[in-house]
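Novice: Take a look at the following structure, please.
The values are calculated or read from the model by the stated rules, or taken from the named source; none is laboratory data. Given the structure is predicted, the values throughout are model-derived calculations rather than measurements. A quick note on method: Cβ atoms are made from the backbone with ideal geometry, for glycine too, and the neighbour counts reach across all protein chains shown.
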Amino acid sequence: MRTYTVLMNVTLSIDEQLVTRARKKADALGKSLNQLIRDYLQKLAGGDDPEQSIQEFKHLSGRGHSRGWRFDRNEIHERP
């Protein structure tokens, strides 16, 4: 099985001053404006980065407190 990546060119209408500021920010981060936008879109769309998913899961885990309550199988399936 082979997997192919298809890249797509996208045209955006952006104010010149915004592009200039964004290029400076990208340069300060050691990235191109293209890479900065690609990274943002990847984050916005939700990537398939398993390591990031693991970190997010760890961050969200263990934040609640059940106060001793436990799920009861019969109670879960009980109909009103």
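Novice: Here is a check on your reading of the model: is LEU41 surrounded by 10 or more Cβ atoms within 10 Å (Cβ to Cβ), touching a residue at least 12 places away in the same chain (Cβ under 8 Å) and assigned to a helix (DSSP H, G or I)?
Specialist: no
Novice: Would you call ILE54 surrounded by 10 or more Cβ atoms within 10 Å (Cβ to Cβ), outside any loop (DSSP other than H, G, I, E, B) and modelled with pLDDT of 90 or more?
Specialist: Considered against the rule, which asks whether it is surrounded by 10 or more Cβ atoms within 10 Å (Cβ to Cβ), outside any loop (DSSP other than H, G, I, E, B) and modelled with pLDDT of 90 or more, ILE54 comes out as no.
Novice: Out of region 23-38, which residues are hydrophobic (A, V, I, L, M, F, W, C) and either in contact (Cβ under 8 Å) with a residue 40 or more places away in the chain or under 17 Å from ASN9 (Cα atoms) (or both)?
Specialist: If the condition is that a residue be hydrophobic (A, V, I, L, M, F, W, C) and either in contact (Cβ under 8 Å) with a residue 40 or more places away in the chain or under 17 Å from ASN9 (Cα atoms) (or both), then LEU33, LEU36, ILE37 are the ones that fit.
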